[in-house]
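Trainee: Below is a structure I'd like to ask you about.
Every number in this text was worked out from the coordinates using simple rules, so none of it is lab data. From a predicted model like this one, the values you see are computed outputs, not experimental measurements. Ideal geometry is used to build each Cβ from the backbone, glycine not excepted, and the neighbour counts take in all protein chains shown.
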């Protein structure tokens, strides 16, 4: 190579390399998937404690902010809007059922409209089909549906932010087969979203019909076919890797493991019931939950001995994971302890119709859960190869 060519090659800028750390700025990385699931489930637990529409709308705003700030560029990470559509459908169904199966209105209610009344037989007493519908009944049913919708959005946020296949690697060995089934189950929604997006994009490129029943048939059939092909490929991959094998555990060991897990789950259920019900005996609270947790741990350790597996590049649990999971758990704890606010403010009544209050402590607790949007490290960007770049 001549001197002029070498000089030109050295002057030509190369491909951009990784951005160096400027000091104090967090490097992009993927957060541990269990941290997102703990955060989302704790926030869903907090939602179950309130029927205040202002707090519920605040939860939706927090979920939208965290998902927008910390989701990745993967195709399955774009499915949160579908969970919002599902949540809106839940609210609409709840309001419709409340309007159809009416229980009558009082003279103080605000009358909206009346549906045709359908007479029912005597053995169907207590349920009225049709009749007058009041504003109070519509708002009450919409609030109940909104609480369930927020829980669904919490699960959708966890499914959008966390990769379920990465969560499978940290499960105990005794729950490995169950974890595979759960992973496949919760991966259905993201895969269907990805299939629908791919089929819709292909139809637009082919100038196909985008409206009407014919368009729906042209989308549903390819999506179902793609889901079937994914299932067959997954089954073949699992079979080639030895999933479903009996292992080296004896029949007695499997029975003991199953008995310990069953008794442990019964203890956890009894302990949860004792903590939620103030009239339950004292031994059904923390003692029953402690015994159940000990039995579950013993069953997991005994069952994990028959599964030998290795993990390539395991996910580390660092300070960011503690902060994200702790923000969700602390939010749920603040809504359960009933300190610093009136518990009646969490479940306002619409009879008579009044504007709900916005208590300070529950509001701060929900905003604390929203801190996960900047406590979590930024997601790693997907680097794409420049098609214009030449090869040496």
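Trainee: Between residue 254 and residue 73, how high is the FRET efficiency from 1/(1 + (r/R0)^6) when r is the Cβ-Cβ distance and R₀ = 35 Å? Nearest 0.05.
Mentor: 0.20
Trainee: Please order 355, 317 by the number of other Cβ within 10 Å, starting at the fewest.
Mentor: Fewest to most other Cβ atoms nearby, the residues stand as 355, 317.
Trainee: Under 16 Å from a point placed 7 Å out from the Cα of residue 349 along the Cα-to-Cβ direction: which residues of the range 47-66 have their backbone N that close?
Mentor: Of the residues in the range 47-66, 51-52 have backbone N under 16 Å from the label point off residue 349.
Trainee: Moving on to the next point. In percent, what relative contact order does the range 248-305 have, based on Cα pairs under 8 Å that are 6 or more apart in sequence?
Mentor: Relative contact order comes out at 42 percent.
Trainee: Taking neighbour counts of Cβ atoms within 10 Å as a proxy for exposure, in what order, fewest first, do 62, 333, 221 appear?
Mentor: Going from sparsest to densest Cβ surroundings: 221, 333, 62.
Trainee: As an exercise, use a Förster radius of 25 Å and the Cβ-Cβ distance of residue 65 and residue 197 to find the FRET efficiency, rounded to the nearest 0.05.
Mentor: 0.60
Trainee: Using 7 Å Cα-to-Cβ label points, what is the residue 89/residue 275 separation (nm, one decimal)?
Mentor: Taking the simple label geometry, residue 89 and residue 275 are separated by 3.3 nm.
Trainee: Let me ask something else. Over the range 248-305, what portion of Cα pair distances is larger than 19 Å, expressed as a whole percent?
Mentor: That fraction is 35 percent.
Trainee: Could you compute the FRET efficiency for residue 148 and residue 336, with r as their C-beta to C-beta distance and R0 at 25 Å, rounded to 0.05?
Mentor: The formula returns an efficiency of 0.85 here.
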